[in-house]
Every structure is written in structure tokens, then in C-alpha cells.
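Participant: Please read through the structure below; I'll follow up with questions.
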Amino acid sequence: MINLVRKELFVLSYYHLFAVLYVLVFGVFFETAYSTVLLATLPAMMLMTFASNLELRSKSELLIGSLPVRREQIVLAKYVCLFYYVALGLALGAAANLINRYVLARETDWSLAHVSIGLTINFLFFSLYYPFYYWFGQKGAQFVVYVVLFLATVTIVGFSDVMRDHFDGGGAIDGGTALTVLPPIGSLALLLVSYRLSVAIFRKKDLNA
Amino acid sequence: MNVIEVRGLAKQYSRFAMKDVSLDIKQGFITGLIGPNGAGKSTLIRMLMGMTVPGAGEIRIFGQPMPRSEDAIRQRIGFVSEECNYYEHLTIAAMKRVIAPFYRHWDEKRFNEYLHRFELHPKAKIRSLSKGMKMKLSLCFALSHRAELLIMDEPTAGLDPVFRRELLDILADLMLDEGRSILFSTHITTDLDRVADYIVFLHQGKVVFNESRERVFEKYALVKASPELLDRDVRGLFVGIRETAVGFEGLTERRDEAVRLFGNEAVVERPTLEDIMFFTAKGGRRHD
């Protein structure tokens with residue numbers, strides 16, 4: 001399984017730069033009111049989409065399926081990589097915030113609430129995406145990804161408006177720590193269910209079908 | 001001893017069905033899998049590799065059940081696919097860094113030797129390789145982890161005749177030196193004339209025969225004779241007949257009976273594998 005995770009991240013190679021570029025352009029050069037939440041969520045989705053597109057383009061699911069790994073491990077590696085994408089996305093968002101605050105002397109928000117929302121939206125997105133990915137096959141999932149990305153962006157923009165009105169002074173969402181902590185935990189539980197569902201689907205599917 | 005055992009394998013697609021396929025592949029031999037396009041060769045190979053899920057049936061490789069022991073089984077298999085599904089944006093060296101860690105017995109020295117032999121440069125990008133070069137690369141990977149069984153789906157497709165001959169020599173050498181087992185599908189049947197010990201013939205998702213090459217040629221005969229000899233009873237002797245205005249050619253799997261029946265009135269020849277494939281696939285169509 002470690003080799004599969006390593007493979008996924010290695011194959012992305014310079015595609016990481018696109019995520020960095022996105023954060024610089026939309027988080028630093030053209031910063032808007034929606035930037036903070038967008039930065040906490042979209043880089044992870046971008047990286048996951050790049051990884052899926054690379055696999056689709058080269059039909060490498062067949063290559064992976066010929067390697068000495070179990071189908072469960074292939075699915076597990078995909079889900080493990082998500083944590084890397086999310087962590088990298090949040091780190092890049094935090095870096096953009098630091099540049100804005102300390103280099104460009106701008107007033108910006110970057111708090112526990114943003115991390116909470118970033119985690120929640122990402123986990124929800126991935127929970128939906130991967131069962132479709134394994135159910136419809138890679139091509140079908142490409143359509144799904146664009147629909148879900150559109151919905152995610154609309155949700156993120158909506159969240160940004162709501163958040164501005166519901167922050168408390170400590171960076172948590174109004175209503176206390178529970179409202180900041182529970183959504184990511186809930187979406188993580190959904191991710192676990194999604195993983196079990198993806199394994200069940202993938203076990204019965206022909207590769208690259 | 002069998003390296004692969006297949007029992008009652010079935011797979012249903014909308015336009016193709018494989019039904020009740022059972023066969024054994026002998027350990028230590030080269031087995032050729034032949035059949036016309038759409039016969040089910042790739043479907044069978046993908047099921048053996050665990051890439052396609054069978055509708056029914058059982059597969060055992062090295063005595064272990066597939067897919068229950070899929071990782072352990074694939075550790076001992078070198079796989080070459082007609083489609084080389086490597087990441088196009090990577091170099092050969094980078095692709096090797098992706099694949100090598102999966103194999104416990106990866107042999108770096110041997111991999112580099114094969115790259116050199118096949119004139120592949122480690123810094124070349126996969127997307128810059130021709131189909132033939134990708135196939136060579138695929139062979140480099142398949143031959144570099146001391147696989148006991150090579151499974152190859154149309155490995156000679158897209159290769160020039162020089163390299164095709166070289167590949168067949170490599171396979172023959174592997175069998176001499178290391179006693180591996182090889183299963184490879186092809187519709188270039190002359191490749192099998194050179195190296196195959198056993199032939200499996202698939203047609204319309206069913207096994208027509210699975211025999212040693214010698215036995216196949218002992219059994220089958222190509223009969224050429226004038227059309228007046230072709231009555232209803234005689235037709236029943238043939239698997240497939242090709243009729244023209246001046247005579248007919250027919251393939252029979254009862255060579256001895258054909259020799260006895262026609263005597264000196266017909267020419268009875270040893271068919272090629274291509275003849276066997278052609279007549280079995282086409283049946284008794286008339287060609288004027």
C-alpha cells in the first residue's frame with residue numbers, strides 16, 4: 001500500500017506546481033473576500049483531479065491492476081492520498097495567509113474555523129467522488145467531478161458569506177468549539193463509509209471498464 | 001504439473017460471452033493462445049490477471065486461488081499488455097522508480113541490461129516512444145523481477161519483424177536457462193510455429209482445443225480436391241470448407257479418416273495454425 005501512495009504522489013510530480021500557482025494567483029495576487037475558504041478547499045480537489053486525469057489519460061488503472069497489490073489496497077491508497085492533498089492544500093492556504101499578513105501587510109482571515117470548513121468540504125467532496133469514480137469508471141467520474149466541483153465552489157462561496165457573519169473572536173464558529181470540530185469529524189466518518197462503499201464496488205468491477 | 005488451472009470460467013458482455021472455459025497451462029512450457037479478433041483471448045488473460053472479474057468459474061495460478069491470493073500470485077508474474085499503460089509524462093527511469101518497489105525480486109542490473117539490449121534510453125519520455133518501443137519497455141519490466149510465469153497479451157503486435165524474431169529468441173532462451181512458463185496470445189500464428197510447445201485455440205469464447213503443437217498437426221489436415229468429391233457425407237468430415245469453381249480446400253480434424261477416404265484423389269497437407277484458425281472461424285462458407 002505504501003508503494004501505491006508513493007506512486008500516486010510521485011506521478012503528480014510537477015503538477016504540484018499548479019496548486020502552488022493557483023494559491024499564489026487567487027490567494028495573493030487577486031485576493032478577494034472568498035479567497036480564504038477557496039484556498040482551504042480547492043488545492044486539494046485540484047491535486048486529486050490531476051491524479052485522476054493522469055490515470056485516465058494513460059489508462060494506468062490497468063498497469064496498477066497488473067502489479068502485486070490487492071484491490072482493497074488500491075482503493076485504500078487513493079483515500080490515504082486524500083489526506084496528503086488536504087494537508088498540502090491547508091499548508092499552502094496558510095502560507096498565502098502569512099504572505100498577505102506579514103509581507104503585504106493585508107488584513108486576512110485564517111483561523112481554526114477555516115481549517116474546519118476546509119476539512120469538512122474536502123472530506124464531503126471526496127466521500128462523494130470516489131464511489132462514483134469506481135462505479136461509473138474513470139470517464140464517467142470525470143463528468144461527476146466537474147458537477148461536484150461546481151457545487152463545491154458554490155457551497156464554498158456561500159460558506160464564505162455565512163462565515164463572515166458567524167465568527168467569534170477566537171477564530172471558532174459562533175456556537176463554540178463543538179460547531180468548529182464536529183463537522184470535520186462527521187465528514188471524516190462519511191469518508192470512512194465512502195471507503196467501504198468504494199471497496200465493495202471496486203471488487204466487482206472490471207478494471208478500466 | 002499445471003501453472004494455471006481454469007475451471008468453468010464464464011463472462012457475459014452485451015455482445016460477447018465466454019462460457020464454461022476450462023483449461024490447464026503446463027508449467028515449464030510456452031503456450032500460445034490463438035484465436036481471431038473477438039475470440040476472448042484478452043478477456044481470458046485479463047481474468048487470469050484479476051483485472052476482469054469472471055461471472056462464474058475458478059482460476060488457480062501456482063496452485064493459489066485468484067483473486068484471493070492476487071498480490072502473491074502477481075508477485076510471480078511478468079505481464080506484458082498490448083496496450084502499454086504507462087504514465088506518458090514520465091521518463092523510463094521515473095517509470096522504473098514507480099514500478100520496481102512493488103517487486104521483492106527486482107533485478108536492477110538485468111533491467112539495465114534489457115534497456116541497453118533494446119536500445120532504450122532511461123531519460124526518454126514515455127510519450128516519445130513508438131508503440132514498438134513501448135512494447136520493448138514493457139518486456140524490460142516483465143523480465144526484470146525474476147517472474148516464474150510470463151503472461152503476454154499480443155506482445156508481438158506493433159513490432160517490426162526483426163524485433164519480433166529477437167523477442168521469440170529471448171523467450172526461447174528464458175525457457176532454456178530458467179525453466180519458466182510462458183503464456184502468450186497472438187493472432188500472428190507464425191510466431192507460435194517457432195516457439196510454442198502447446199496451443200490453446202479460442203473461438204467465440206470457447207476453447208476449440210488445448211493440445212501440444214505436435215498433436216495439433218497430427219490431428220488436423222488440409223484437404224484439397226476437385227468439387228465433385230464434395231458430397232453431403234464428405235462435408236461432415238470438415239471443420240470448414242473453402243469452395244471455388246475449380247475445387248475445394250477443407251480442414252478436417254480427422255486426418256487418418258481423410259487419408260483413408262480420399263486416397264490418391266486429393267492432396268492432404270499439414271495445415272498451418274493460420275489455416276486452422278481461418279477454417280474454424282469461417283466454417284463452411286463458399287468462396288467463388
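The values are calculated or read from the model by the stated rules, or taken from the named source; none is laboratory data. A quick note: this is a predicted structure, and the numbers were derived from the prediction, not measured. Note that each Cβ is placed from the backbone with ideal geometry, even for glycine, and that neighbours are counted across all protein chains shown. Just the protein is used for accessible areas: all its heavy atoms, side chains included, with ligands, DNA and RNA removed. Shrake-Rupley method; radii C 1.70, N 1.55, O 1.52, S 1.80 Å.
Participant: Give me the number: length gained by fully extending B:GLN204 to B:VAL267, i.e. 0.36 nm times residue separation minus the C-alpha to C-alpha distance, one decimal in nm.
Facilitator: Gain in length upon complete extension: 19.7 nm.
Participant: Over the heavy atoms of B:LYS131, what accessible area does a 1.4 Å probe trace out, to the nearest 10 Å²?
Facilitator: Counting only protein heavy atoms, the figure is 100 Å².
Participant: Next question. Sorting A:TYR14, A:TYR84, B:TYR220 by accessible area (1.4 Å probe), largest first, what list results?
Facilitator: Solvent-accessible surface, decreasing: A:TYR14, A:TYR84, B:TYR220.
Participant: Still on this structure, please answer the following. Round to the nearest 10 and give me the degree value, 0 to 90, for the angle of helix B:131-142's Cα axis relative to the longest principal axis of chain B.
Facilitator: 70
Participant: Next question. Quote the Stokes-Einstein diffusion coefficient, in whole µm² s⁻¹, for the stretch B:2-211, based on the Kirkwood radius over alpha carbon pairs, a temperature of 25 °C and a viscosity of 0.890 mPa s. Let's see the in-between values first.
Facilitator: On the way: Rh = 17.5 Å.
For the chosen part, D equals 140 µm²/s.
Participant: Kindly report the accessible area of the protein assembly as shown per residue (heavy atoms of protein chains, probe 1.4 Å, no ligands, DNA or RNA), in Å².
Facilitator: Values: 22420 Å² over 497 residues.
I get 45 Å² per residue for the protein assembly as shown.
Participant: Same structure, new question: Ignoring everything except DSSP H segments at least 4 long, calculate the 222 nm mean residue ellipticity for chain B; use -39,500 (n - 2.57) per segment, divide by total residues, nearest 500.
Facilitator: Mean residue ellipticity at 222 nm (helix-derived): -9500 deg cm²/dmol.
Participant: With Cβ to Cβ distances under 12 Å as the rule, what net charge do the other residues near B:LYS19 carry (K, R +1; D, E -1)? Let's see the in-between values first.
Facilitator: Details: positive: B:LYS11, B:LYS206; negative: B:ASP20.
Result for the neighbourhood of B:LYS19: +1.
Participant: Further question: Quick one: if you stick a label point 7 Å off each Cα along the C-beta vector at B:ARG127 and B:GLU211, how many nm between them?
Facilitator: Output for this residue pair reads 5.1 nm.
Participant: I've got another one for you. Have a look at the stretch B:82-103 and report residues whose accessible surface goes down by 50 Å² or more when the remaining protein chains are included, against the chain on its own, probe 1.4 Å, ligands and DNA/RNA excluded.
Facilitator: The answer is B:ASN85, B:TYR87, B:HIS89, B:ARG97, B:VAL98, B:PHE102.
Participant: Using a 1.4 Å probe on the protein chains only, how many percent of the accessible area of chain B belongs to carbon and sulfur?
Facilitator: With neighbouring chains kept in place, the figure for chain B is 46 percent.
Participant: Report for the protein assembly as shown the percent antiparallel among DSSP-assigned beta bridges with both residues inside it, nearest 5.
Facilitator: Approximately 65 percent, going by the DSSP bridge assignments.
Participant: So, counting K/R as plus one and D/E as minus one, what does the shell of residues with Cβ under 14 Å around B:GLU211 add up to?
Facilitator: 0
Participant: A follow-up question, please. Past 30 Å, Cα to Cα, is the threshold; run A:LYS204/B:LYS125; A:LYS205/B:LYS219; A:LYS78/B:LYS134; B:LYS19/B:LYS136 against it and keep the listed order.
Facilitator: The pairs that break the limit, which is 30 Å between Cα atoms, are A:LYS204/B:LYS125; A:LYS205/B:LYS219; B:LYS19/B:LYS136.
Participant: Okay, next question. For the modelled label position 7 Å from the Cα of A:THR108 along Cα-to-Cβ, which residues of the stretch A:70-92 have backbone nitrogen atoms closer than 16 Å?
Facilitator: A:88-92, by backbone N distance to the label point.
Participant: To the nearest 20 Debye, how big is the dipole of chain B about its Cα centre, given +1 on the beta carbon of each Lys and Arg and -1 on that of each Asp and Glu? Before the final figure, lay out the partial values.
Facilitator: On the way: 43 positive and 41 negative charges, 218 e Å.
Charge dipole of chain B: 1040 debye, to the nearest 20.
Participant: If I model a spin label at A:PHE10 and A:THR153 as a point 7 Å from the Cα along the Cα→Cβ vector, what separation in nanometres do I get?
Facilitator: Inter-label distance under the simple model: 3.4 nm.
Participant: Could you compute how much accessible surface A:LEU112 exposes when probed at 1.4 Å, giving the result in Å² to the nearest 10?
Facilitator: Rounded to the nearest 10, that gives 100 Å².
Participant: Provide the solvent-accessible area of A:HIS16, counting protein heavy atoms only and rolling a 1.4 Å probe, rounded to the nearest 10 Å².
Facilitator: The value for A:HIS16 is about 40 Å².
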